[in-house]
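Notes follow the structure.
The values are calculated or read from the model by the stated rules, or taken from the named source; none is laboratory data. The model shown is predicted, which means the values in this text are computed figures rather than measured ones. Backbone-built Cβ (ideal geometry, glycine too); neighbour counts: all protein chains shown.
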Amino acid sequence: MALEIERKFLVCSDDYKRLAYARADIRQGYIAAANGRTVRIRLRRETLLPAGTVQADKAFLTIKGPSDDAGLSRYEFETEVPVSDGNDLMHIALPGVIDKTRWLVRMADGHIFEVDEFHGANDGLVVAEVELGSDDESFALPDFIDREVTGDRRYYNSHLCRCPYQLWPK
């Protein structure tokens, strides 16, 4: 099982869209979520930019363990499943669905920022994540990054299903 190490940031401009090399339309639901552990189903359609070539639809089943105290790392197991099974699993998911567009931005240092632009009940929220090889790995921040929210569990997708961004006090 892989250890996922990532940092999470709020986004302050839409410059990521012109810098992106791909985007994906994502719909995901949670089959189980308790004590920081989740079982997620994700349906994904990726588009390569700027040509707009659509890749095949895919579905993934993901199991995540609880985050460490800093919210920086957690164990993750992910496997691709047939799209038909993914659609069926969405029907048994817990209430609340995440709809988002993910933009992939490759930085000059080789890191890839995944920028999630949320829709529906989480409309208005834009979060960027970068995956790292170690807790102390250095990386360059793009200009579209605002402040870091790593470890703030309100920004976990599993939390956004239960308490959508649109319901947060402003």
- [ ] Mind telling me which of the residues Thr62, Thr38, Thr79, Thr47 ends up being more than 20 Å from Phe118 (Cβ to Cβ) and either among the polar types (S, T, N, Q) or assigned to a loop (DSSP other than H, G, I, E, B) (or both)?
- [x] Thr79
Task: Flag if Ser67 is of a type in the set (S, T, N, Q), farther than 18 Å from Arg154 by Cβ, under 16 Å from the mean Cα position of the chain (by Cα) and at pLDDT below 95 - done: no
- [ ] Can you run down the residue pairs with Cβ atoms below 7 Å, 6 or more apart or on separate chains, where the first is in the stretch 1-21 and touching a residue at least 40 places away in the same chain (Cβ under 8 Å) and the partner is part of a helix (DSSP H, G or I) and not charged (D, E, K, R)?
- [x] Lys8/Tyr155
Task: Residues of the stretch 81-138 classified as more than 23 Å from Ile63 (Cβ to Cβ) and of a type in the set (Phe, Trp, Tyr), total - done: 2
Task: Selection count, the stretch 74-111, where residues are within 17 Å of Asp143 (Cα to Cα) and loosely packed, with under 15 Cβ neighbours inside 10 Å - done: 5
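Might you check whether a residue that is over 21 Å from Leu132 (Cα atoms), surrounded by 16 or more Cβ atoms within 10 Å (Cβ to Cβ) and among the hydroxyl-bearing types (Ser, Thr, Tyr) occurs anywhere in the stretch 12-23?
Within the stretch 12-23, the first condition is being over 21 Å from Leu132 (Cα atoms), and the residues that meet it are 12-15, 17-18.
Okay, now just the ones that are also surrounded by 16 or more Cβ atoms within 10 Å (Cβ to Cβ), so none.
No, because not a single residue in the stretch 12-23 is over 21 Å from Leu132 (Cα atoms), surrounded by 16 or more Cβ atoms within 10 Å (Cβ to Cβ) and among the hydroxyl-bearing types (Ser, Thr, Tyr).
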Task: Filtered residues of the stretch 50-61 (kept if surrounded by 16 or more Cβ atoms within 10 Å (Cβ to Cβ) and not aromatic (Phe, Trp, Tyr)) - done: Lys58, Ala59, Leu61
- [ ] Would you mind listing the strands (runs of 3 or more DSSP E) fully within the stretch 112-170 where at least 1 residues are over 22 Å from Ala24 (Cβ atoms) and modelled with pLDDT of 95 or more?
- [x] 145-148
